[in-house]
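The values are calculated or read from the model by the stated rules, or taken from the named source; none is laboratory data. Please read these numbers as outputs of a predicted model, since none were measured by experiment. All Cβ positions, glycine included, derive from the backbone under ideal geometry; neighbour counts span all protein chains shown. Areas reflect the complete protein model, heavy atoms only, side chains present, ligands, DNA and RNA absent. Shrake-Rupley method; radii C 1.70, N 1.55, O 1.52, S 1.80 Å.
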Amino acid sequence: MKTLSFYIGIFVFLLCASSVRAASEAEFRVLSKHYTLHADGSQELRVKKELTLYTHAAMNGLYGETFITYDPQYQELKIHESYTRQKDGTIVKTPDNAFVEVLPSSAKDAPAYNRLKEMVVVHTGLELGATIVLDYSIVSRAGYLPALDVCCPVRELSPIKEFTCTVEVPSGVELHAELLNSSVRPQKTDTGNGKVCWQWKLKNVEPRPYAYPSSYIKGMSTVQQVASGMMPVVVASTYPSYTDALKNLREQFALGDEAAVKAKAVELTKDAGNDRQKKRDAIGQYMMLMYSRLATVGVSLQEAGYRLRPASEVIRSGYGTQAELVNLDVALQRAAGLNAEVVVCRLQSDAMGLSGIVSVFAKSELMASKVPQQGLEEAALKDYMTVTDLQGNPVELTSSPSSSITSYTFKADDKRIRTLPNGYCVATAEGRNPAFGIFYSYATNTSVLANILLPQKYNRTVETTVELPAGMTWMKKTDKEVTNAFGKIAFKYAEADGKVKVTCTFVIDKLLVTPADYKEFYALMSELKDENNYTLVFISPDSMD
């Protein structure tokens, strides 16, 4: 549970982050993550950080607390050290009442996951120039995780003087590992105690861009950050192959009580007869409610230990994680005699196990009517992911630019036509809302420091027809078109039969934006955003005398 001060601090922090900085808000003097697989199958993640605070925004907001999620049923949290070293060297140890254990927000309203804990470490003795020191371990019991499986992003919101990622496994255990988006090579050593250690050490790591533009969908956001080259990531796995990793996950996609699943499918499709499309529509309507925020639990696959409750239990409880709902979706369709499969998307790396999974969704034989289609975001970025079924077989996803034509009509007495002094009136054509969404997500600044991967290509046309107010004359506008390597933005204006028609077309057909070619992308987005392109002015004949 986050405190009010946390959210206020985040708000202040983001306000400060929106302007150009002369210096960083904070700096990690040391950030290390040590992953260990023990001979008995137990695992340990040890995290150490020394973080110096330079601004009130950092002190009171983002870095004032540390949040550690774990499952006490299978894991043990150990706090080795926690204190603040003030600017004059005074040590302020974290008091016992500053370790607050709460239910993670992702597990709220989900009794099956109420066992999860979130340790909130409230850092005390903070002041400008103080350094937070925290050293803790999460120890996982043998058998909880089937393999050591690491996906460790490197860059943080603040610079890191020294970043170390260490992966330690028993001698003789094969480890597949690499550091994506970096040329730094690991140092491989035999520790002499029956273990082999891989270690990556990076110096003076630049912070990731503030408010890095990416999808609101967490998985696709991860793909954009990694596939663009912006985010270095250490990946390591002791699975013999990704297919072997999927075998462990596949066992979790179970029916449970098969009769209960069949009964639910019969209940949902009772009015569909033998019509396969009607069956699909009925199941789609039910699953659309289940996929809603009311029934979807935010616990990730990793937080759940890559475990799923069976489909029958999800029916009984009325909620589930995203993967559990996908399992139910596919199970119901198959029980109704339809074809459906589970699709798994992960980051691209031969060393990646289950920790690299960014999305799981149901791919169906038929598209359900009046139900949002699954997999559209994944299809748009399919070339930047590994996409398979649960057996590891490649799955083809069909993608195309987000293409649409939308039409609007305003009448003379419409409230959207505004009357101004001196005989003028103004109407605003449509198209700005999607324009603002793209602009403010991906083109707010005039330059960028890192690559950006757009979430999809675009091909949209918005037509606005405005009926001229009685006795008014339209002040004509010149058509405008801007075309470059990223696409085209065009505005066309035409008058006929007492009506003015504005056609706004924007096409973006290139996904990767680099700092070098960002200016071209920005030029298109600026034209798309320019309010003047959407403004129509009318004037009475008397005012023109």
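Pairs meeting the criteria (first residue in segment 287-314 and under 16 Å from Arg115 (Cβ atoms), second residue open to solvent by 20 Å² or more (accessible area, probe 1.4 Å) and among the small types (Gly, Ala, Ser), beta carbons under 6 Å, at least 6 apart or on different chains) are Gly298/Ser106; Val299/Ser106; Glu313/Gly256.
Taking the listed residues Leu62, Leu37, Leu103, the one that is of a type in the set (A, V, I, L, M, F, W, C) and modelled with pLDDT under 95 is Leu62, with no other qualifying. Before we move on, is Ala429 free of Cβ contacts under 8 Å to residues at least 40 places away in the same chain and open to solvent by less than 30 Å² (accessible area, probe 1.4 Å)? No; evaluated as a whole, the condition is false for this residue. Taking every residue in segment 65-92 that is within 12 Å of Gly125 (Cα to Cα) and pairing it with any residue that is of a type in the set (Lys, Arg), at least 6 positions away or on another chain, the pairs with Cβ-Cβ distances below 6 Å are Tyr83/Lys93; Ile91/Arg85. Taking segment 114-128 as the range and being hydrophobic (A, V, I, L, M, F, W, C) and touching an Asp or Glu at 6+ places or on another chain (Cβ under 6 Å) as the test, the residues that pass are Leu116, Met119, Val120, Val122. Could we say that Glu206 is touching a residue at least 12 places away in the same chain (Cβ under 8 Å) and over 27 Å from Tyr442 (Cβ atoms) here? Taking the combined requirement at face value, the residue does not satisfy it. Among residues of segment 322-349 being out of contact with any helix residue (DSSP H, G or I) (no Cβ under 8 Å at 6 or more places or on another chain) and in contact (Cβ under 8 Å) with a residue 24 or more places away in the chain, the one that is surrounded by the fewest Cβ atoms within 10 Å (Cβ to Cβ) is Gln322. Which residues, taken from segment 359-412, are over 25 Å from Ile283 (Cα atoms), in a strand (DSSP E or B) and open to solvent by less than 60 Å² (accessible area, probe 1.4 Å)? Scanning segment 359-412 gives Met385, Thr386, Ser402, Ser404, Thr406, Phe410.
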